[in-house]
1. Looking at Ile14, Ile89, Ile28, can you tell me which residue is in the same structural domain as Asn171 (by TED's automatic domain parsing) and modelled with pLDDT of 85 or more?
2. Does Asp201 satisfy the condition of being out of contact with any Pro (no Cβ under 8 Å at 6 or more places or on another chain), modelled with pLDDT under 50 and outside the structural domain of Ile79 (by TED's automatic domain parsing)?
3. Looking at (1) surrounded by 15 or more Cβ atoms within 10 Å (Cβ to Cβ); (2) of a type in the set (S, T, N, Q); (3) at pLDDT 85 or above, which is the only condition Thr153 fails?
Amino acid sequence: MPLLEYIFYMGVIIIVFTSAWKILATIISSLLKDLGISKDFSFLFFKTVSYYLLVSITALKTAQQMESAHSVVAVVYAIAGTFIIYTTIAANLEKNRWRAVMNFERKRIRVMRYDGYLLMACILLFIFTLIQPVIADTPMHNWILTTIRKIYTFPVLQFFIAIFAFFYMINLIFKGLRATDTVLQTIFKRKPVNTTTPDSDGNYTVYTDYEEVDTDNTDNK
C-alpha cells in the first residue's frame, strides 16, 4: 500500500537524519566547548537547525509524493505527513525536557519553556512547504535526501534501518489510533464507567468501559 510505504520511508528519513545529526552535533559541540562557547547556546542552535532541516526534507518528500497522487490521496499524504512530523518533534522535545530535568540542567530547562513555540513553528513550516515546495527544493535539501537514500540502500545498513523504520511505523499507527479514539470520545461525549468482575479466587478486577452521555438530561439536572 503506497501510504504505508510512504510512512515507512518517512521513518527511514527521520532515523537516518537524526542519527547522523547527533554524531555531527556531538563532534562540533565538543569543538565549540573547547573554544569557550556555551554548551546551552550550542544545544539551542543545533536543535533549531536540526528541526528546520528535518521538517524541510520531510515536507519536500511529502510534496513529491503528493505530486504523483490523486487530489484526495494527496490530502491524505499531507495529513499523514503533518501527523508524523508533529508526533516526532513533540516526542523528541518531551524526551529532551525530561533528560534536562533528571540532570538538573536549570538553564536548559528555562530555554525549553519555548519548545511549544518551536513545535508550532515546525508545523507551520511543514504546511507552508507543502503549499510552496520551492522553498525547500534547494541543492542542500536534495543532497540530504539523496544521501539518506544512499545510506539506506547500503547493503549492511539497510537491514538494521528497515527494522527501526518498521517499528517506528507500527508505533506511529498505534499513536494515530489512540489519538482517533480520544477524538471520538470527545465528539460523542463518552465518560468512563468502572465495573468489577470477580475471578475464581474471589478477587475483583476493575474494567473500564465508556458510555455515551445524554447531554439533554444532564443539562436539565
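1. Working: Ile89 fails: modelled with pLDDT of 85 or more; Ile28 fails: modelled with pLDDT of 85 or more.
Of the residues listed, the single one that is in the same structural domain as Asn171 (by TED's automatic domain parsing) and modelled with pLDDT of 85 or more is Ile14.
2. On the way: out of contact with any Pro (no Cβ under 8 Å at 6 or more places or on another chain): yes; modelled with pLDDT under 50: no; outside the structural domain of Ile79 (by TED's automatic domain parsing): yes.
Taking the combined requirement at face value, the residue does not satisfy it.
3. Condition not satisfied by Thr153: (1).
The values are calculated or read from the model by the stated rules, or taken from the named source; none is laboratory data. All of these numbers come straight from a predicted model, not from anything done at the bench. So basically every Cβ, Gly included, is an ideal-geometry build from the backbone, and we count neighbours across all protein chains shown.
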